[in-house]
Amino acid sequence: MTSCLRIRPPTPVPLTDARSTPFSAASLRTSGVTYAPSSVALAADEGAYVTPLVRKLAAENGVDLASVKGTGVGGRIRKQDVIAAAEAAKAAAAAPAPAAAAPAAAAASKKAPVLEASPLRGQTIKMPRIRKVIGDNMVKALHEQAQLSSVVEVDVTRLMKLRAKAKDSFAAREGVKLSPMPFFVKAAAQALKAHPAINARINEAEGTITYFDTENVGIAVDSEKGLMTPVIKHAGDLNIAGIAKATADLAGKVRANKITPDELSGATFTISNTGSRGALFDTIIVPPNQVAILGIGATVKRPAVIETEEGTVIGVRDMTYLTLSYDHRLVDGADAARYLTAVKAILEAGEFEVELGL
């Protein structure tokens, strides 16, 4: 007779009912059942649970897990969250520091100058003699000449670098400061030798033209009494040091009211530094008994197209405008353009190292 062992299934016990407490880990511990939290549960002391792989990835990338917001189930930090945090940190490090904006902030903080009202406001005074002489000469020149102007743009970056490099040793050696003016006078006088129509005079009464064999360059000097034009005699035969000394000497005499009539006469060509007060260029008036005057504009830094051996590039350059006003009765537009182009070429080449002792 075969006997069978019959096993009765355990009677199910409800986890909760109206008379019992809700299911909890504590209730399992009291009944001898071990409770282990699942991997998605929160640990009270360290926030969202993270896998060893995520912890390793965070350590390798220097990511603080406490600062990472998890996007997984229940706020779990995933591998993608760590990678995103690492990339954000790299982008922040590559961004310019706040100090980089300091120059712009400084530029924006520039204040307008305080301008005081002139005591001449509301006054009627007698015209000073020097102003009358200047005015009469300018009107006479405009009435007797057919004047017009031509302009070229010049890159003087190399010249300015040479000046900056040589100015200290030049001042110690020659006893005068090295301003940009002597370079312009030197280039203008050198070009006059090859373009005689610019260094000439029309003798109206005689019906003749005199082409000068010397370059006596007048330099316009602003003084309290008005604009005066002392003359650098034989400027075409002087080097940079000679022109710098003559310029400083004549300008000093004008401002000290010690200039002589001889030092104010005999110019065959004139240069006016209209950029010394910030003007880009000016349509200057040709003085009487001359046929041309060169105006030098302000030197400013601006982007310019540069042709190099590698190709065309854009760079920040020191740029200035040169204006030649001339008497069209003798000087044609082509003559003016050729002269300006010659002066431009000399200045842009900047081959003054020998004269500067470099």
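For region 119-188 and region 281-327, what is the separation of their C-alpha centers, rounded to whole Å?
Cα centres, region 119-188 to region 281-327: 14 Å.
I'd like to compare 200-211, 134-145: which one has the highest average count of other Cβ atoms within 10 Å, and what's the full order after that? Spell out each step's value before the answer.
Working: 200-211: 12.0, 134-145: 13.9.
So the peptides 200-211, 134-145, ranked by packing, come out 134-145, 200-211.
Can you order the peptides 235-246, 331-342 by their average number of other Cβ atoms within 10 Å per residue, highest first?
Descending mean neighbour count gives 235-246, 331-342.
Given the pairs Lys110/Lys161; Lys186/Lys344; Lys111/Lys301, which are separated by over 18 angstrom at their Cα positions?
Long pairs (Cα-Cα over 18 Å): Lys110/Lys161; Lys111/Lys301.
Once the Cβ-Cβ distance between Lys126 and Thr312 is put in as r, and R0 is 51 Å, what FRET efficiency do you end up with, to the nearest 0.05?
For Lys126 and Thr312, the calculated efficiency is 0.30.
Around Ala248, under 13 Å between beta carbons, what's the net of Lys plus Arg minus Asp minus Glu among the other residues?
+2
For Ala267, what is the net charge nearby, where nearby means another residue's Cβ is under 11 Å from its Cβ and Lys, Arg count +1, Asp, Glu -1?
Residues near Ala267 contribute 0 overall.
In what sequence, highest mean first, do 120-126, 52-58, 266-272 appear when ranked by Cβ atoms within 10 angstrom?
Going from most to least packed, we get 266-272, 52-58, 120-126.
So, counting K/R as plus one and D/E as minus one, what does the shell of residues with Cβ under 15 Å around Leu356 add up to?
+4
Restricting to Cα pairs below 8 Å that are 6+ residues apart, what does the relative contact order work out to for region 46-86? Please round to a whole percent. Walk me through the numbers before you get to the answer.
Numbers: 43 pairs, mean separation 18.1, N = 41.
Relative contact order for region 46-86 comes out at 44 percent.
Counting only C-alpha contacts under 8 Å and six or more residues apart, can you give the relative contact order of region 120-268 as a whole percent?
Computed value for region 120-268: 21 percent relative contact order.
None of the figures in this text is laboratory data; all of them are computed from the coordinates on show. None of the values given here were measured: they were computed from a predicted structure. When we count neighbours, we look across all protein chains shown, and the Cβ atoms used for this are built from the backbone with ideal geometry, even at glycine.
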